[in-house]
Protein chains: 2
Amino acid sequence: MKPALAKGTRDFMPQEVQRRQYIIQKLQKNFQLYGFAPIETPAFENLSTLTGKYGEEGDRLIFKILKSGDFLQKLKPEDLSANPNTVAPKISDKALRYDLTVPFARFVVQHQNELNFPFKRYQIQPVWRADRPQKGRFREFYQCDADVVGSESLWQEVELIQLYDAGFSDLGLEVEIHLNNRKILSGLAEVANISEQLIDFTVALDKLDKIGKAAVEEEMLSKGISEEALKILSPIFDISGDFSAQLEQLKPIVANSEIGIKGIEELQFINEQVQALGLKKSSLILNLTLARGLDYYTGAILEVKAKGVEMGSIGGGGRYNDLTGIFGLKNMPGVGVSFGLDRIYLVLEELNLFPDFTSESQKILFTNFGEKEALAAMKVVQKLRNQGIYTELYPEASKMKKQFSYADKGAFTHVAIIGTEEMNEGKLSLKDLKTGEQVSISQEEILEKFKA
Amino acid sequence: MKPALAKGTRDFMPQEVQRRQYIIQKLQKNFQLYGFAPIETPAFENLSTLTGKYGEEGDRLIFKILKSGDFLQKLKPEDLSANPNTVAPKISDKALRYDLTVPFARFVVQHQNELNFPFKRYQIQPVWRADRPQKGRFREFYQCDADVVGSESLWQEVELIQLYDAGFSDLGLEVEIHLNNRKILSGLAEVANISEQLIDFTVALDKLDKIGKAAVEEEMLSKGISEEALKILSPIFDISGDFSAQLEQLKPIVANSEIGIKGIEELQFINEQVQALGLKKSSLILNLTLARGLDYYTGAILEVKAKGVEMGSIGGGGRYNDLTGIFGLKNMPGVGVSFGLDRIYLVLEELNLFPDFTSESQKILFTNFGEKEALAAMKVVQKLRNQGIYTELYPEASKMKKQFSYADKGAFTHVAIIGTEEMNEGKLSLKDLKTGEQVSISQEEILEKFKA
């Protein structure tokens with residue numbers, strides 16, 4: 001039997017794991033500095049916790065787990081020709097985590113009496129989606145989320161923008177943090193009398209970068225948005241200048257919409273504080289075309305793009321009025337951001353920003369000439385490990401060529417040789433694999449030479 | 001809808017996650033020092049990769065994932081009354097990881113041309129089993145495994161014992177490392193002419209500690225092991241002394257079994273090297289009753305018990321001749337150990353060995369008196385974070401009582417107050433929540449005072 005991975009999944013080789021751990025550690029450090037506490041939820045939830053939360057498409061993409069024991073018990077002959085979605089709950093009662101937000105909502109409701117609100121949590125765990133696999137899209141991938149619940153303060157948005165800046169700067173990345181506000185989009189739709197067509201309007205607007213103004217307007221018209229509405233909206237394509245200048249130009253356009261004005265005020269507050277505090281490497285950009293998550297975002301909408309590389313967004317988030325209403329806990333506003341681990345990985349790789357873990361530390365291989373010599377070597381190995389130095393004994397007394405080949409392939413920096421002579425003299429030969437230089441030193445000297 | 005966890009699963013609160021991360025980091029550090037490289041495999045594998053690898057009971061306990069799309073397609077009316085185990089593959093083609101060993105075997109076969117043998121990997125990931133949940137037994141739990149494949153050298157066993165010692169010592173734990181060898185058990189069965197009853201013999205022997213010699217012999221008799229065989233085996237109950245003394249007494253008993261003698265020689269080698277190298281906090285104990293994993297272990301069998309606490313084994317492992325034969329790659333011997341994260345957690349908790357993460361670091365909450373004061377506070381917050389200090393701004397300009405209550409519940413060590421006066425003077429009031437002492441200092445002084 002030739003083994004294979006399940007479709008859309010990946011193995012991670014040591015270097016990939018180390019690089020992923022590197023990203024996660026940088027993010028974790030910043031999550032913690034910003035006051036976010038780690039939580040974890042189980043890989044699977046009751047099916048009823050997840051279904052109906054991600055739309056019809058989402059329900060289809062949730063991986064469902066077969067009931068243990070006699071899962072056929074509740075299945076009737078007529079079910080075999082029924083709609084699989086209605087049959088699923090009869091044979092499945094659990095499902096794999098589809099994102100970190102719904103399990104977090106469940107967590108908040110369930111533990112509400114143990115939490116200190118406003119509660120700031122971060123969570124770094126895999127999620128699973130039965131998407132059709134394609135380049136860069138997998139059925140198992142990690143999400144890294146930071147959310148605050150229980151506070152309507154716009155300082156949260158300010159802090160989350162700072163958190164993005166801190167996290168990405170720590171990884172050596174310059175990013176654009178795109179900011180929009182659902183309230184402005186609603187306001188625009190309101191003044192143009194197309195509130196009913198908010199989604200058509202934003203879906204078309206979202207394509208501005210790709211297809212240009214003319215094509216966007218054409219699409220809007222084709223969706224039944226009137227010429228009159230387009231005339232009202234048209235000035236938004238011409239606003240220019242920096243963040244606050246753009247907001248100023250936007251004000252008269254939405255002047256007749258209370259919610260639109262509110263959206264502008266919110267962005268103004270956020271931008272002012274962010275500018276006053278300064279960002280390390282990132283730029284904050286007003287982006288009216290940003291319309292992700294309109295199903296649930298009610299205020300700020302965020303998206304992050306890396307500079308200098310062609311890649312979709314490497315992060316995103318926003319504010320939602322009601323996180324936990326679905327589970328019976330009302331009035332729990334929240335705001336959060338997500339870091340896209342897989343894409344961040346690809347960006348760091350493309351920009352050559354990963355540190356060279358192999359050159360960072362010394363790796364010593366001790367050769368093996370047989371039982372007695374190996375024990376003498378092992379005594380030094382042990383001391384080096386106690387000093388925090390990565391050290392290995394070659395396990396078999398194989399030919400030197402084989403042992404050196406293992407050292408080469410394994411990216412060892414040094415080979416230490418203890419033969420009979422060296423053993424008797426309390427010495428060893430140390431070969432630097434980079435320079436090829438070989439020296440004879442005492443077993444005390446090697447401990448001096450290598451300190452973590 | 002009242003939300004609930006799926007049966008047998010857990011949420012982890014921040015303190016639990018931190019404590020689990022603490023254990024994992026200590027183990028990771030030692031895995032790396034000992035030359036083990038991290039890999040990760042997907043949460044689910046093709047169903048065919050997992051079925052038939054864990055026995056009939058195991059097959060039943062594997063969580064199977066429903067096919068996406070029309071999973072009913074292959075189901076026929078007669079299947080509804082058939083054995084669920086034979087029907088499962090028609091509606092499920094994937095299953096959740098049941099342990100880390102079979103996926104590792106699949107990994108080794110699939111990536112054999114990329115790996116540097118002997119290949120040493122560690123892997124820390126959750127596994128899932130449809131066991132009936134009970135106290136301390138969950139349907140989702142982590143395994144932390146370190147294995148070497150491609151080497152028959154007994155130095156691996158020596159190193160794994162050292163690894164156990166190093167890992168557990170780093171966690172402050174004194175442990176007993178119990179060692180046995182499948183070959184000795186086979187040898188004993190051979191000299192007693194009960195090779196066909198090896199399992200009955202070892203299952204009974206395993207109960208020695210709990211039920212005593214008489215009851216063990218009674219059980220063996222009831223399983224059809226003859227009086228004659230018992231007479232031959234009887235001396236094993238009387239061996240005493242240290243590890244090597246016990247081996248000496250065992251030698252004459254298995255003298256007529258080649259495999260038995262081999263087993264003794266192996267343990268002798270391992271014990272001699274371990275004694276010559278010394279252990280930090282652990283003791284190595286010969287334990288003939290240890291018979292875990294006889295389905296696959298072919299040499300050393302290991303089990304770890306924490307001293308000073310009543311708890312099952314907190315680690316185990318052994319040597320297997322053939323890891324990858326099931327996937328078509330022959331002659332791939334291996335040896336590995338596993339650390340039981342959940343039980344280690346419980347032991348550290350019971351022995352009070354977790355560091356106090358909250359007292360280890362300073363946590364400062366800045367109060368919020370409104371927009372201007374908050375911005376002044378935020379400027380200091382930002383500088384403190386840049387110094388690596390955990391700092392938060394209370395997000396709303398709420399009553400002081402509420403802000404202080406948040407600080408108390410959140411285990412903050414200090415509250416920093418910037419009101420209008422302090423803001424204008426470039427000062428702040430710093431209250432130490434432990435001593436209750438409050439001082440007025442400049443905003444530069446607080447940066448001096450708190451350095452990471």
Item to check | Residues of the stretch B:322-331 that turn out to be away from every other protein chain (no Cβ under 13 Å) and closer than 21 Å to residue B:302 by Cβ, as a count | outcome: 1
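For the stretch B:62-70, does any single residue satisfy the condition of being among the β-branched types (Val, Ile, Thr) and over 30 Å from residue B:343 (Cβ atoms)? Can you show your working first?
Going through the stretch B:62-70, the residues among the β-branched types (Val, Ile, Thr) turn out to be B:62, B:65.
Going one step further and asking which of them are over 30 Å from residue B:343 (Cβ atoms), we end up with none.
No.
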Item to check | All positions within the stretch A:267-290 that are surrounded by 19 or more Cβ atoms within 10 Å (Cβ to Cβ), out of contact with any Ser or Thr (no Cβ under 8 Å at 6 or more places or on another chain) and not β-branched (Val, Ile, Thr) | outcome: A:267, A:273, A:284, A:286, A:287, A:288, A:290
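Going by the conditions given, is residue A:157 closer than 23 Å to residue B:396 by Cβ and either within 14 Å of chain B (Cβ to nearest Cβ) or assigned to a helix (DSSP H, G or I) (or both)? Can you show your working first?
Values: closer than 23 Å to residue B:396 by Cβ: yes; either within 14 Å of chain B (Cβ to nearest Cβ) or assigned to a helix (DSSP H, G or I) (or both): yes.
So residue A:157 passes the test.
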Next on the checklist: Looking at the structure I just gave you, is residue B:347 crowded, with 19+ Cβ neighbours inside 10 Å, assigned to a helix (DSSP H, G or I) and touching a residue at least 40 places away in the same chain (Cβ under 8 Å)?
Outcome noted: yes
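Tell me, which helices (runs of 4 or more DSSP H) lie completely within the stretch A:192-277 with 1 or more residues that are farther than 22 Å from residue A:293 by Cα? If you could, list the steps in order and put the result at the bottom.
Values: elements: A:198-205, A:208-222, A:227-233, A:243-253, A:258-277.
Hits in the stretch A:192-277: A:208-222, A:227-233, A:243-253, A:258-277.
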Checklist entry - In the list B:64, B:90, which residue meets the criterion of being more than 16 Å from the chain's Cα centre (by Cα) and surrounded by fewer than 21 Cβ atoms within 10 Å (Cβ to Cβ)? => result B:90
Checklist entry - residue A:265 fails exactly one of the following numbered conditions: (1) under 20 Å from residue A:177 (Cβ atoms); (2) in contact with a helix residue (DSSP H, G or I) (Cβ under 8 Å, 6 or more places away or on another chain). What is the number of that condition? => result (2)
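Residues being at pLDDT below 95 and not acidic (Asp, Glu): count how many of those fall in the stretch B:351-363. Walk me through it before giving the result.
Initially, the stretch B:351-363 is screened for residues at pLDDT below 95, giving B:355-363.
Remaining after also requiring not acidic (Asp, Glu): B:355, B:357-359, B:361-363.
The qualifying residues number 7.
The values are calculated or read from the model by the stated rules, or taken from the named source; none is laboratory data. Owing to the predicted nature of the structure, the values given are computational and were not obtained by experimental measurement. FYI the Cβ positions are ideal-geometry reconstructions off the backbone, even for glycines, and counts take in every protein chain you see.
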